[in-house]
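Okay, structure first, notes after.
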Amino acid sequence: MTKIQRIKGQPGTPYEVMFVEESGHLIVALTEWYRLRSSQGPTSTRDTYLSCLLPFFVFLSEKGCAWNAEPSQLRPILINFYRERFCCLVRPERGQERVAVLPTRDTPLQESTLQVFRSALRDFYLIMKDERLYAFSNPLTSDTLLSLKRLHDQAIANAGAPDHAGIRGEMHERSRRQPTAFIRYPKAREWKPDLRKELGDVRSGIHTILDAMMESPEISCREKIILELLRNTGARLHEVVLLTVGGYRNQGIAGQAQIVSKGSLGREVKTIYFTHHPRVMRLLTRYLEQIRPGWDTQGRSRLDVMEDREPLFLTERGTPYSVKSFYYHFMWNTNHRFTYSTVFDGLVQGE
């Protein structure tokens, strides 16, 4: 990393940052990509991709290979990059113009990070090719697989029809997922649980532990509500913890609440139901009538005088409750830590 330096661009110039080698030579390609990428997507993505491109450009310099070489010259460099820098096993796939990259126990990165590296390299060459700064096909794309995908798309019946028409040979999403990448990350074999054991032993044990915790005076009413809602509604931990006053009121419908779902962009679109669980109703009533008013900084005891976006659950200081606060209170008793983690294995799988 020390072989490439960043120099802040002069005011009024289109280059926010310039990248320079140790020898003092400007790395034109990286500097130009960084400028072009500023108008394509969030800055955080550009900075993440940059952190992946820097070691690759250092590697190119060490191997004496130009970034704009033909794909036939760049692909062996890519393979060596994964082998030498990440200690990966690279296996050519017979009969196809691509390779499978498998991390080993010496690989210093997670599989997801390796995928980000591939995305960063592909993004770099896509942009440089679109700007006519790279004269060849994208080295991260297999020409053979790309040709096969085109032939496949041409063979689809009623290829121009939308999915909802019901006459297209296959869904657009399936067509889009036809492989074209030169570098492939084989997925590990999916783990399949023993459903009989899960339903019979594990789930029964979890509920037994939860029932005991509901009777424990060491667990506060607020945490008991969270645990009961997790158990009885199937909601995620952050969805329950961040429940709002307006979501709980739910336009006057008792026994239901609107919560912010994963991927809903902050909108309360997911409904959870607890009207048939009297323990949840009793705990909520006790919390709202006896406990929450004492923590409200304004001393309010009625929900109808509160704003919709105010949090339903508060800390003892009157601040909004959070997932971090829940973990702190839930794990405070070290004598039960192992038991609590066992419960979480069954309740918070989606987090």
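Key figures
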item: Filtered residues of segment 239-270 (kept if at pLDDT 85 or above, farther than 20 Å from Leu227 by Cβ and open to solvent by less than 50 Å² (accessible area, probe 1.4 Å)); result: Val245, Gly246, Gln258
item: Ala135 surrounded by 15 or more Cβ atoms within 10 Å (Cβ to Cβ), of a type in the set (Gly, Ala, Ser) and in contact with a helix residue (DSSP H, G or I) (Cβ under 9 Å, 6 or more places away or on another chain); result: no
item: Close pairs from segment 153-165: first closer than 11 Å to Ser175 by Cα, partner open to solvent by less than 50 Å² (accessible area, probe 1.4 Å) and in a helix (DSSP H, G or I), Cβ under 7 Å, at least 6 apart; result: Asp153/Ser175; Ile156/Ser175; Ala159/Asp153
item: Long-range neighbours under 6 Å by Cβ, at least six apart or interchain, first residue at pLDDT 85 or above within segment 9-38, second open to solvent by less than 30 Å² (accessible area, probe 1.4 Å) and of a type in the set (Lys, Arg); result: Arg37/Arg46
item: Yes/no for Ile225 being in contact with a helix residue (DSSP H, G or I) (Cβ under 8 Å, 6 or more places away or on another chain), among the β-branched types (Val, Ile, Thr), modelled with pLDDT of 90 or more and open to solvent by 20 Å² or more (accessible area, probe 1.4 Å); result: no
item: Criterion: open to solvent by 70 Å² or more (accessible area, probe 1.4 Å) and at pLDDT 80 or above - qualifying residue of Asp194, Asp130; result: Asp130
item: Some residue of segment 120-135 being assigned to a loop (DSSP other than H, G, I, E, B) and without any contact (Cβ under 8 Å) to a residue 40 or more places away in the chain; result: yes
item: Subset of segment 236-259 [touching a helix residue (DSSP H, G or I) at 6+ places or on another chain (Cβ under 8 Å) and part of a helix (DSSP H, G or I)]; result: Leu237, His238, Val240, Val241, Val245, Tyr248, Arg249
item: Residues satisfying the stated conditions in segment 66-118, i.e. assigned to a loop (DSSP other than H, G, I, E, B), under 24 Å from the mean Cα position of the chain (by Cα) and of a type outside the set (A, V, I, L, M, F, W, C); result: Pro103, Thr104, Arg105, Thr107, Pro108, Gln110
item: Residue list for segment 199-248, filter: closer than 18 Å to Leu314 by Cβ and among the aliphatic types (A, V, I, L, M); result: Ile219, Ile225, Ile226, Leu227, Leu229, Leu237, Val240, Val241, Leu242, Leu243, Val245
item: Matching residues in segment 52-65 - criterion: being part of a helix (DSSP H, G or I) and not acidic (Asp, Glu); result: Cys52, Leu53, Leu54, Pro55, Phe56, Phe57, Val58, Phe59, Leu60, Ser61, Lys63
item: Thr48 open to solvent by less than 20 Å² (accessible area, probe 1.4 Å) and among the polar types (S, T, N, Q); result: no
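To keep it simple, each residue is scored yes or no on (1) modelled with pLDDT under 90; (2) touching a Cys at 6+ places or on another chain (Cβ under 9 Å); (3) within 13 Å of Leu140 (Cβ to Cβ); (4) not hydrophobic (A, V, I, L, M, F, W, C).
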residue	(1), (2), (3), (4)
Val58	no, no, no, no
Lys63	no, no, no, yes
Pro71	no, no, yes, yes
Arg75	no, no, yes, yes
Asn80	no, no, no, yes
Arg85	no, no, no, yes
Glu97	yes, no, yes, yes
Gln115	yes, no, yes, yes
Ser119	no, yes, yes, yes
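The values are calculated or read from the model by the stated rules, or taken from the named source; none is laboratory data. What you see is a predicted model; the values in this text were computed from it and never measured. Note: ideal-geometry Cβ built from the backbone for every residue, glycine included; neighbour counts use all protein chains shown. SASA here: full protein model, heavy atoms, side chains in, ligands and nucleic acids out. Shrake-Rupley method; radii C 1.70, N 1.55, O 1.52, S 1.80 Å.
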